[in-house]
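One structure is given below, encoded as structure tokens.
The values are calculated or read from the model by the stated rules, or taken from the named source; none is laboratory data. Since this is a predicted model, take the numbers as computed values, not measurements. Cβ placement follows ideal geometry from the backbone for every residue including glycine, while neighbour counts extend to all protein chains displayed.
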Amino acid sequence: MTAAQWGGAGAIFLASAVEWVEAFTIVLAVALTIGWRRAAAAAAAGLAVVALLIAVTGVGIEAAQADIGLIRAAIGIFLLLFGLRWYVKAIRRYSGRTALHDEAREFAATREQLQQAEGRAAWIVAFKGVLLEGLEVWLLVVALGHTLSYAAAAGSAAASLGLVVAAGLALRAPLTRVPENTLKYLVACAILSFGSFWAIGGLAGEQAVWPLGNVTLLLLFATYAVAGRIIASRSRAPGSAAAGVRA
Amino acid sequence: MKKLLQLIFGDLRNVASVAVALLAAYGVSRLAPAAAGAALALLLIAAAVVQAI
């Protein structure tokens, strides 16, 4: 595999792991309320929908790989939209302008919500949680899938799911130890790098725009990573000295 | 559906930021192709500054 393919697989793996951690937290809270069997069934139903989406869209993408430049531009734009959103969110968390995403708080909130609900509602909470987080994984697989192969991209997302589930079951507690904002920030930088590379490369000619080739991806990543931390430190909200410690 | 669209595209400011950065970078690529990538990265970072503060 080339450096770009490893980068794509790594980005999918890490970004998927972030989403799976969130989904697992919700399922865990539901499981402690309605039992593991029903919670796992709801999670499996949500995953089945995501797997179906990945399979169906994969066939479409394989069939439409006629103009790779155009596809790269379209996917690059899509990645920029997705990546910029994550990038800004992570910067705001580092700077204390947005609360750090707290899995423990999400876990407690989900349990509180469930205490007022019956079994069916709890099932829906788990299903919806897995489906929504899974949709983000699906978007990543579709966007980055063509860099390596669609099957490898889907496999990367599935591998991260297996890892998160195994780690979650081993810990048997909300996954608060995962430094989520750091992970999201690095993934956002990677997505922005790929998005920039493909969007303008696809529109204006990759060789003309990026004379250094794939090495540029590393330079872009470093630029976005350093710039984001500078922005976060310069825009730190008053009274948020502790922000970012846990991240 | 609205949630899905927001998931994909973000809010209007996010879409506008990416559109402006890409159009400007494309304009730069007509004059100096090798500078277009750097222009895009700088414009996206500037957009992040505006959105983050």
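Every residue, every condition in (1) surrounded by fewer than 18 Cβ atoms within 10 Å (Cβ to Cβ); (2) touching a Pro at 6+ places or on another chain (Cβ under 8 Å); (3) within 14 Å of chain B (Cβ to nearest Cβ), yes or no:
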residue: A:Val142; (1), (2), (3): no, no, yes
residue: A:Gly145; (1), (2), (3): no, no, no
residue: A:Leu163; (1), (2), (3): yes, no, no
residue: A:Ala170; (1), (2), (3): yes, no, no
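Within the option set B:Ala19, B:Ala36, being in a helix (DSSP H, G or I), more than 7 Å from every other protein chain (Cβ to nearest Cβ) and either out of contact with any Lys or Arg (no Cβ under 8 Å at 6 or more places or on another chain) or modelled with pLDDT under 95 (or both) holds for one residue only, B:Ala19. Criterion first (within 14 Å of another protein chain (Cβ to nearest Cβ), modelled with pLDDT of 80 or more and more than 12 Å from A:Gly8 (Cβ to Cβ)) does A:Gly134 satisfy it? Answer is yes for this residue.
Remark: pairs (first residue in segment A:182-205, surrounded by fewer than 24 Cβ atoms within 10 Å (Cβ to Cβ); second residue outside any helix (DSSP H, G or I) and of a type in the set (A, V, I, L, M, F, W, C); Cβ separation under 7 Å; 6+ apart in sequence or on different chains) = A:Thr182/A:Ala247; A:Gly201/A:Trp210. Being more than 18 Å from A:Leu217 (Cα to Cα) and of a type in the set (Gly, Ala, Ser) is the filter here, so list the residues in segment B:30-53 that pass it. Within segment B:30-53, B:Ala32, B:Ala46, B:Ala47, B:Ala48, B:Ala52 qualify.
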